[in-house]
1. Using +1 at the C-beta of Lys and Arg and -1 at the C-beta of Asp and Glu, which of ALA854, TYR842, SER800 has the Cα lying farthest in the positive direction of the dipole of segment 798-879?
2. Packing-wise, with mean Cβ within 10 Å as the measure, how do 87-94, 273-280, 504-511 rank, highest first?
3. So which aspartates and glutamates can LYS931 reach, going by Cα to Cα under 14 Å and dropping same-chain residues fewer than 8 places off?
4. Under a crude label model (7 Å from the Cα following the beta-carbon direction), how far is THR191 from ILE557 in nanometres?
5. At a Cα cut-off below 15 Å, give the aspartates and glutamates reachable from LYS559, other chains included and same-chain residues fewer than 8 away excluded.
6. Based only on other Cβ atoms within 10 Å, what is the fewest-to-most ordering of TRP793, TRP932?
7. Taking the number of other C-beta atoms within 10 Å as the exposure measure, put ARG714, ARG1135 in order starting with the fewest.
8. Rg and Dmax of segment 410-519, Cα atoms, in Å?
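No value in this document is a laboratory result; all are computed from the given coordinates. All values reported here derive from a predicted model rather than from experimental measurement. So basically every Cβ, Gly included, is an ideal-geometry build from the backbone, and we count neighbours across all protein chains shown.
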Amino acid sequence: MSLQASPISSEALEAAIDSHPLKVTAETCLSDIIHLICQLGSSCKLSQGVVVESFPHQSPAQTLPAKSIENNRVSSCVLVMAGTKLLGLLTEHDLVKVAASGMKLEAVKVAAIMTSTVITLRKSDLQDVFAVLKLFRQHRIRHLPILDDCDQLLGIVTLDSITRLLQPAEILKMLKVAQVMTTQLLYTAPTTSLLDIAKLMVEHQVSCIAIAEEAAPKAIAQPKDYQQQSLVLKPTNYHHPQLESLSHHTNLTLTSEQLVPMGIVTEQDLVQFQALELDWQRLEAQTLIHSPLSCLSPQDSLWTAHQQMQQQHVEQLLVSGVEGELIGLISQNSLLGTFYPSQMYHLIQTLQQKFEQLQAEKISIEQSALLQQAQIELSQRQRTELLQKANQALSSSIATNRALLKAIPDSILRISRDGTLVNYKTAKDGSMPLLVKQFLGKHLTQILPAEVAKPAMDCVECALKTSEIQTLEYQLSLNGSIHDYEARFAVSDAEEVMVIVRDITERNQALAALQQQLAAVEASIDGIAIVNKEGKYIYINKSHVQLFGYHSAQELIGKSWSELYYQEEIHRFKCEILPILEQEGRWRGEVIAKRLDGSTFAEEISLTLTVEGSLVCICRDITERKQAEAALRASEERFRATFEQAAVGIAHTGFDGKFLRLNQKCCDIVGYSYEQMLTKSFVDITHPDDVDVDQRYVEQLLAGEINTFSMEKRYYRQDKSIVWVNLTGSLVRKPSGELDYFVGVIEDISDRKRAEAALQDSEQKYRSVVESVKEVIFQTDIKGLWTFLNPAWTEITGFSIEDSLGKNFVDYIHPDDRKQCLELWHKLITGQQEYCRHEIRYLTKDNSLRWIDALARLVVDAKGNTIGISGTLHDFTKRKQAQEKLRKALEQEKELSELKSRFVSMTSHEFRTPLTTILGSTELLRYYSHKWSEQKKILHYDRIQANVQHMTKMLDDVLLLGKAEAGKLEFKPVALDIVNFCRSLVEESQLSLGGKHQIVFLYKDQGLDIQNTTVAATVQLANYAHLDEKLLRHILSNLLSNAIKYSPIDSTIKFELFLQEKEVIFQIKDQGIGIPPEDQQHLFKSFHRAQNVGKVTGTGLGLAIVKKSVDLHDGKIKVDSQVGVGTTFTVNLPRGKEYL
């Protein structure tokens, strides 16, 4: 057939549009929808044998024209409308889903469950059937509303209407059911209730479920070209997307037992039974299914399947084997899959092969006929007629398939497994970058660049291996420019793939341009939003979200614009702004907007009405500008008051010399009234001898040689007397840069000498002030490069002005402050702020830091263009240092206060105990000594003496620590025999222990190890070091005392001495309670004691004294401790110059 008459053409596709689909409003009840749908079918195909009473009421939904009720078909969807506007779509699956959930249909409105995001197609885009099939497959839908260019509904295209339209019997008769059927389906037992079936459909997202029962397996003889198989996942020529999604369910793999099909239940059946108002929970599937069941055979043609679907008004049919066992399912989607380009191409190849086979048979028959013409003339004539009919049918089928192939707009290539180009079809637009004809029979590596050929071969191998479509995007040169291409590789034969190549350059360019535009809109500092016809936000950029105090655009999307304004401003919009907007299409002005927290701000807003009726809003916060304007008005008022009430005369004159305006003081100086002065020029009242000088100054101002001038001149008063004045003149320009008028400040200086002296003195003061300014005055260009610096820059930073000009200001800022500084600079240079002030650290030439208080302001030229930043840099380093010193002093004061508290606590505890003991012993001696023996008296005397000594030692420690803190502790190193000193100290400590602990002294030097013994006199060792004996005794005795105090009885204290070339190392190790890690960092602080000391007495001064003594020796002390294991103190002291 011709392409114009073919069902793939746009004209023929119009016949597939149902122009009278079911339409309802969003407020229609679901029960009414079901009755309305069921009115379109005369009967329910599952209801035979079920007695149902008549409907208790008629549906209130609208009645459709008789034209839409044809062929006794039941509608599978309902369009939800608001007038002529399409709101949504309601399908049978939605109705089944509601029924399965147990909801009352009478209480549910259409709006609650409809699909509001509907895939539609404009009629102008309805070019061929492939566009429709692509949408069906891409979005997994079965209904496609068709709109005109004004978005008005024209009708709807469904899988059923496309199937009825596409009836190329020749193609469908060539294909078998086994080639396209799917073995991926769900089944359930006949006793399953309709409610459970509905829940299964909703859970697994399927439109039908087979009803089957298991039977004992039998040995079944299969045809030669078909093998019996269990219902397992197995790819077919066409992949049904809805069924492929079930591949993870265990229901899909059956047991070794075979299934006997009983029937099939579809969404359409369930919808019809909803109208019958039956009890789904009690009604079983076996009471509703057809008997006998009509099934297809895998050897039936697709044309037979198509005819049965049309006759039975169904979209699915079960497939059974020779013994009646269930082996698969075929649907309208399966039939439509044969019309995809990849399948059509394969069919064309098959047809060509059959044609060649028939041609060979024809030649063979003709040759045979020549030899046996007399015997089989009649048979030959009949065969010839059959061949002619077959050729006609074959030619018609080939023509149809070639028309289908021709309609595909993309280039198509056939590639063999080894990468050889077998055949091709170029694209309609000639976008193929290669002359494919020249490369027939050649390998891909000879056709394409290596970077394209290799991944292309990978796609060929992967497609042949997995039977899945592979996609590759790449670039090639076409007509001197680089183009983007997309290639899709699909298996067309066991050893070949078909490659569909499309030029996607324009698509990628459009996508990139769109992304750039969206990025620009998102990056805009102005708030940008789009409001639809209903007044609701459909787009909001980041600046708009931040402007109104929201966190994300989603908080406003779908909400009305009126939520951002109070009622008074909404009334103004409706009464003033919107009428102008509707008339002129745009409006710009100022309004008062509302933030999320309820606060308001001044908003400048620009509104533009689009052709589609949407509203584009561009807004910004002008609160600061309004404040600046208010400040400007206040400044103007102050200027006016200053002008009128100034103590000097102020006059504005034009370029013709006449007075334009002047204050009363000026009139008083010359004795004329205001009206009289407006009729005169400055020449009229100037002394003749001063006119030339005045004119020269004016000429210099006009030439730009000077910005201002000051001169002493004489005026004639109205009474002809002369008055001496000091005139200061300047030229005022308009914002555009044009000359406007002269400004003259006139001061009466009749007492010339005094005025001159005063003026000279004033000028001298002004000059000295300017020269003594210590602040840096700077200016940068828009890139941040220094363009001006005053001499204070060199004084503060040390860098010369000549070396600094032209360099970026960021280079002189401390690295940690650069990010913040750049952010502030960016806000200034982009106009987000007029000025800023912040504290920052600058680097000097000698790599020191200076704290700078920076004040910066945006600089613009006469035309308003940004030319850079100017401001001042104030060095407040000394103040910052003073603040830091004050902070440290406060911290030190706090530490001293804490030290005082600890001291008071220690003394109150440590002194009270021995004093109590002394007091008790003295009282006992006073009252009972005459009764005691001398031994008992001595015991109490010894106790008093021991406590007094303990208190004396504590006081000594406090005084010693006080000297150390005050820096008055003397350091007097002497030559000291370290070995004997340590041995003597150990012996003293051991005697005081009374055998409760054992101190082991180890001395190591030059390979000798001496333990608690005297070295022979013949061994000469350098045992001397230059140390302070008193301080060393404090160090070692305190460490030994602590080791003894905090160690259990009968434990061993290890004291080691290491004499090295440059230092002496003392190490004292105990097996005591240990020091918790959290206390180790405070170990050497005065009065600090570890939290685990328990009832062991102590002042917390010993280690503080040790640390001070070690520091006076320029030594080091280290502690290594573990709770419950013990503590090791290591002291390193320099040996002294005399013994190095």
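1. ALA854
2. Values: 87-94: 21.5, 273-280: 17.6, 504-511: 12.9.
By packing density, highest mean first, the sequence is 87-94, 273-280, 504-511.
3. Here the aspartates and glutamates satisfying the reach criterion relative to LYS931 are GLU923.
4. In this crude spin-label approximation the distance works out to 5.1 nm.
5. Leaving aside aspartates and glutamates fewer than 8 places away in the same chain, those within reach of LYS559 are GLU534.
6. Numbers: TRP793 23, TRP932 14.
Going from sparsest to densest Cβ surroundings: TRP932, TRP793.
7. Numbers: ARG714 14, ARG1135 19.
The order, fewest Cβ neighbours first, is ARG714, ARG1135.
8. 14.6, 48
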